[in-house]
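K.L.:
Please see the structure below; I have some questions.
Throughout, read-outs are computed from the coordinates displayed, never taken from laboratory work. On a predicted model such as this, the values are computed, not experimentally measured, just so you know. Positions of Cβ are backbone-derived with ideal geometry, glycine not excepted, and every protein chain shown enters the neighbour counts.
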Amino acid sequence: MRKRATIAAALAIATLMAASPPDTATIVDSGSTNANGYTIHIASDGNASVTYQPRGGSPIGTPKPFTVPAATTARFFTDLAAARKGNVATVPCMKPVSFGTTLKVTWQGWTSPDLTCPPKDALGEALVSDVAAIRNAGGIDQLRPHP
């Protein structure tokens, strides 16, 4: 009888874990007056999508789905947790009003500093590297001129 209760409890826990939705994060590049920005939604299972938009404008077209390699995804979410816990920071940087962009990651209510400014430490460098790998996986060009 005790074995059945243990097995039932284990199955219930496994079912709950399988039913829980994947963790998600959002990467937003603001774009500039001459280059479109983008929003990437990425889930911990590697599913992602990108939507382009002009600075301060509405999305252009429908989201383009893509898949991020499992190792990249795992590293990104691990680095996000470390960055939030370590209070990641970047060096304030000057940008031209019309050509400057911002790049931020939002995850579980936390928003990173602007990742287009130089990182102050390895935590920031890791996030910059992760975002570049995610962008590469989605075929997202950093230079996105307006059509």
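K.L.:
In whole Hz and in residue order, list the ³J(HN,Hα) couplings for the range 57-74 that follow from phi through the Karplus curve 6.51 cos²θ - 1.76 cosθ + 1.60, θ = phi - 60°; x for Gly and Pro.
P.N.:
Per-residue couplings from phi come out as x, 7, x, 9, x, 9, x, 9, x, 7, 10, 9, x, 4, 5, 5, 4, 4 Hz.
K.L.:
Please say if the range 39-147 is rounded, prolate or oblate, where rounded means a/c under 1.5 for a ≥ b ≥ c the square roots of the C-alpha gyration tensor eigenvalues, and otherwise the choice is prolate for a/b larger than b/c and oblate otherwise?
P.N.:
Values: a/c = 1.90, a/b = 1.09, b/c = 1.75.
Note, shape of the range 39-147 comes out oblate.
K.L.:
Return the long-range amide H neighbours of Thr102 (sequence gap of 5 or more, or a different chain), with a cut-off of under 5 Å between placed amide H atoms.
P.N.:
Hits under the 5 Å cutoff: Ser30, Gly31.
K.L.:
Would you mind getting me the FRET efficiency between Asn34 and Thr106? Use the beta-carbon distance for r and R0 = 25 Å, nearest 0.05.
P.N.:
Details: r = 25 Å, r/R0 = 1.01.
Once the sixth-power term is evaluated, E becomes 0.50.
K.L.:
Of the peptides 27-33, 59-65, how do they stack up when ordered by the mean number of other Cβ atoms within 10 Å, highest first? Working shown, then result.
P.N.:
On the way: 27-33: 20.1, 59-65: 12.0.
Peptide ranking by packing, descending: 27-33, 59-65.
K.L.:
Along the range 21-31, what does the Karplus equation 6.51 cos²θ - 1.76 cosθ + 1.60 (θ = phi - 60°) give for ³J(HN,Hα), rounded to whole Hz, x for Gly and Pro?
P.N.:
x, x, 5, 9, 9, 10, 10, 10, 9, 5, x
K.L.:
Take Ala132 and Asn47, extend 7 Å from each Cα along the Cα→Cβ direction, and tell me the distance between the two endpoints in nm.
P.N.:
Modelled inter-label distance: 3.0 nm.
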